[in-house]
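Working notes, beginning with the structure itself.
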Amino acid sequence: MIVQPIEIRLPSDSSVLETLQLIVEAIGRSAEVEEDDLSLLSIAVVELTKNAIEHGNKSNPEKHVTISFSILPNRIRFLIDDEGSWEPEKALGFNPGEGKELLLTRGRGVLIARNLAKWVEFGLTPEGKTRVTLIWPLT
């Protein structure tokens, strides 16, 4: 089954994250993600969206996060775009720390998403805004 990209546009407001979790789980079900993996998929997408809201858009309710997904052969692809200029490679958590850094409460979202999704890449949209690509393999 191949589904062409579908976009969801959300305000930069953390109150939308619970609804996003339900949407991502529904997407996973339609792509036949194993039931045990649905929550892992939704956590990964929600964590990256939360980072886009907080770091990319600075929680500005006038800015949006756009999430597009495509169901492709053997995988689901999520693109998470914000309207900011966040440089994740300079942010805490982009590269896992050691020692005292591991005990900090910030910077975990990227690490969590990478460990759950197995494939997360940061880049830029054609307009120069932050884009995160998450690939979820299907069995």
statement: Going fewest to most other Cβ atoms within 10 Å around each Cβ, VAL33, VAL65 line up as VAL33, VAL65
field: Burial ranking of peptide ranges 50-63, 18-31 (average Cβ count within 10 Å, highest at the top)
entry: 50-63, 18-31
message: Apply the Karplus curve 6.51 cos²θ - 1.76 cosθ + 1.60, θ = phi - 60°, to the phi angles in region 30-45 and return the couplings in whole Hz, x for Gly and Pro.
response: 5, 8, 6, 5, 4, 3, 5, 9, 4, 5, 5, 4, 5, 4, 4, 5
message: For the pair LEU22/THR125, report the inter-label distance in nm, with labels modelled 7 Å from Cα in the Cβ direction.
response: 2.6 nm
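Laboratory data are not the source of any read-out in this text; all were calculated from the coordinates shown. Because the structure is predicted, anything quoted here is derived from the model rather than measured. All Cβ positions, glycine included, derive from the backbone under ideal geometry; neighbour counts span all protein chains shown.
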